Amino acid sequence: MAINPGVNTKRTRRVACFSCLATLALQIFAVSAWALSSPNIPLDSPVYSYLEKLAGFGLMRSDVAGIKPFSRAEAARLLLEAEWNLEAGMGAGDLEFARSILAELRRKIPREAALYQEPGKAVAVDVNPLSSARIRYVYLDGKPRSYERPVHDPGDDGVFGIGSGLRPANSYPYPVQQHGTEGTPLMENNEGVIYRDGHNAEVRFSAEAHVGSVASALVEPQLSYGREEGASAKLVKGYLKLGGGGLELEVGRDANWLGLGSRGTVTLTNNAENFDLVKLSSPEPIQLKYIGAIKYTLIGSRFDATVTNGVERRPWFLGAKLSVKPVDTFEVGINLGKEFGGPGVNNSFGDYVRGIVGGTSADNTNNLAGVEMRLRLPFLRNTEIYGEFSGEDSASFWPIVESYVAGFFIPRLTASGRDDLRFEFFKGNNILYTSGTFPEGYLHKGMPIGHSQGGAVIEFYLRYSHWFSARNNLALEFYRTDRGHEGRVKADAAGHFDPNGVMQAIEKKHAGRISWTLPVHGDVDMNLLYGIEKVENVDLQEGNDRTNQLFKAELRYRY
């Protein structure tokens, strides 16, 4: 009987592919079988700083940092890991300080810390009408910058800044229009909440419920007051979660952060208002043979209808992330953000395919994708070096229109571990967050859903903090942000291209902030923040200078 080697090869590949998928599915369900469902930790919670500190002491090694928020069960897993390592005699630095951080973590997540190892002991129905709360007062003396700006797109891209020709070269005068707003000066990544000039107040609290170990729910309403808007109320977060461990389904409204950056990432942050979503993820790492630990997330949503330049669009949104940690000291990730379909664009199958492949403007998608890496250096007091490279689109598979985030974090600047230092650099491409298919760009309700500073930007960020105790922390921040180094064109006062207008100037922002967190009583902490910035050539208009100041005072309960 004749044997067709081609058929056997195809059959072997199918069997191998099926085997890999089956193995992965078994791993996921195995990790999820005894998982504990739990709400997510707010992205501005001090819990993340506690976990970074524990990693700096060498007590925590299995953390995967590129996907946030962490679930409380994941924080409990890391807490237990650090406690085990501490009792085993591992770690370096002021270990009494480390013990105080562990104790504070247990206070923040008491249910999950108690049940993580024995989820079967969870009560059938558990309701907590006040799991956390925050009262905030903000006084702002200033106005936000507008991101409305025409910018020249030179085209003729290469890869990693090398070579050329992946896109046609563009010549003046055909600029691309940037859109959006800063929101609030000196208060980025605030879930789309904008504070206006003058006095602002806000109260938010969360209530949660659990059904055994398999389901959890959270609602977080917000009551706010501003001089311009008056009093208002809205639901900041509200979601239902089923499962945990290696497989979790979340439906509702929530914040997300895809990337390793601290001040911002290219793909997705909590800078814009939280959007309604369906998310499938692994809140805890899955161990795969020959690969290591992996975490993943798939986020589906739909943005609000917008009209920009007389064009109506309401795209769907897909966010995806895979993080892999083959060894304790190295993490690599793949990011994807995608707007696609909806009214006003061609929704044929061919256009979706072209949107996946890239390389043409004749599709119905706006893609943003990239890779990132994080390296921990134990011999340098667990200093971390990280970077993200993302392309606004692709041509012949290669990512183009490149943007970057890069930085380092020294968790133990001094031997005790009570001082830390972070530096971060961001370069947003001239046409980052713009789109011909969706004229509003990569925005949600007027604000970038990625890095808060938008596109066509270069920024340097530095942060130093000192810990007097686990709940008493003083931080100093400085950042320099420039817009207009590249791609300047002539524009009118409204920020639109005008060949008879004035050539744009370079906008320069120098800013500093000081923040102090300290305990008040019981589980209540206070945070005070003062920030000041000098902006030269606001909105790229020569001689238009401004000084903004912001003061924030807030009380937090188990936040």
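The values are calculated or read from the model by the stated rules, or taken from the named source; none is laboratory data. Values in this document were obtained by computation on a predicted structure and should not be read as measured data. Here the Cβ is made from the backbone with ideal geometry for all residues, glycine too, and neighbour counts use every protein chain on show.
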remark   = Matching residues in the range 276-324 (free of Cβ contacts under 8 Å to residues at least 60 places away in the same chain and of a type in the set (S, T, N, Q)) number 1
message = Quick check on this structure: which one of 512, 522 is more than 26 Å from the chain's Cα centre (by Cα) and not hydroxyl-bearing (Ser, Thr, Tyr)?
response = 522
note = Residue pairs within 6 Å by beta carbon, gap of at least six or interchain, first lying in the range 173-197 and among the acidic types (Asp, Glu), second outside any loop (DSSP other than H, G, I, E, B), listed first then second, are 197/140
request  = Using the structure shown, decide if residue 92 is surrounded by fewer than 19 Cβ atoms within 10 Å (Cβ to Cβ) and at pLDDT below 95.
outcome  = yes
ask   = Somewhere in the range 162-169, is a residue at pLDDT below 95 and either of a type in the set (Ser, Thr, Tyr) or farther than 30 Å from residue 390 by Cα (or both)?
value = yes
task = Taking only the range 372-396 into account, find how many residues are farther than 20 Å from residue 55 by Cα, of a type in the set (A, V, I, L, M) and modelled with pLDDT of 95 or more.
result = 0
request  = Could you name every one of the strands (runs of 3 or more DSSP E) located completely within the range 476-559 that has at least 2 residues being surrounded by 15 or more Cβ atoms within 10 Å (Cβ to Cβ) and among the β-branched types (Val, Ile, Thr)?
outcome  = 524-536
task = Please work out if residue 118 is among the acidic types (Asp, Glu), exposed (fewer than 13 other Cβ atoms within 10 Å of the Cβ) and at pLDDT below 95.
result = yes
query = What number goes with the only condition from (1) of a type in the set (Gly, Ala, Ser); (2) at pLDDT below 95; (3) assigned to a loop (DSSP other than H, G, I, E, B) that residue 232 does not pass?
reply = (3)
Out of 259, 226, 198, 264, sole residue that is touching a His at 6+ places or on another chain (Cβ under 6 Å) and under 23 Å from residue 452 (Cα atoms) = 264
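Results for (1) at pLDDT 95 or above; (2) closer than 22 Å to residue 40 by Cα; (3) within 17 Å of the chain's Cα centre (by Cα), shown as yes or no for each residue.
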residue	(1), (2), (3)
269	yes, yes, yes
290	no, no, no
305	no, no, no
311	no, no, no
326	yes, no, no
330	yes, no, no
337	no, yes, yes
354	no, no, no
358	no, no, no
key: In the range 490-532, the residues that are farther than 16 Å from residue 559 by Cα, at pLDDT 90 or above and touching a Lys or Arg at 6+ places or on another chain (Cβ under 6 Å)   = 503, 504, 507, 510, 529, 531
task = Report whether or not residue 63 is among the charged types (D, E, K, R), under 25 Å from the mean Cα position of the chain (by Cα), modelled with pLDDT of 95 or more and under 30 Å from residue 448 (Cβ atoms).
result = yes
ask   = Looking at 468, 423, which is the one that is without any contact (Cβ under 8 Å) to a residue 60 or more places away in the chain and under 21 Å from the mean Cα position of the chain (by Cα)?
value = 423
query = When you scan the range 431-475, how many residues do you find that are assigned to a loop (DSSP other than H, G, I, E, B) and farther than 30 Å from residue 100 by Cβ?
reply = 22
request  = Mind listing whichever residues of the range 397-419 are among the charged types (D, E, K, R) and modelled with pLDDT of 95 or more?
outcome  = 412, 418, 419
request  = Report yes if some residue within the range 212-229 is surrounded by fewer than 17 Cβ atoms within 10 Å (Cβ to Cβ), among the polar types (S, T, N, Q) and more than 20 Å from the chain's Cα centre (by Cα); otherwise report no.
outcome  = no
message = Can you report the number of residues in the range 264-299 which are surrounded by fewer than 22 Cβ atoms within 10 Å (Cβ to Cβ), among the charged types (D, E, K, R) and not in a strand (DSSP E or B)?
response = 2
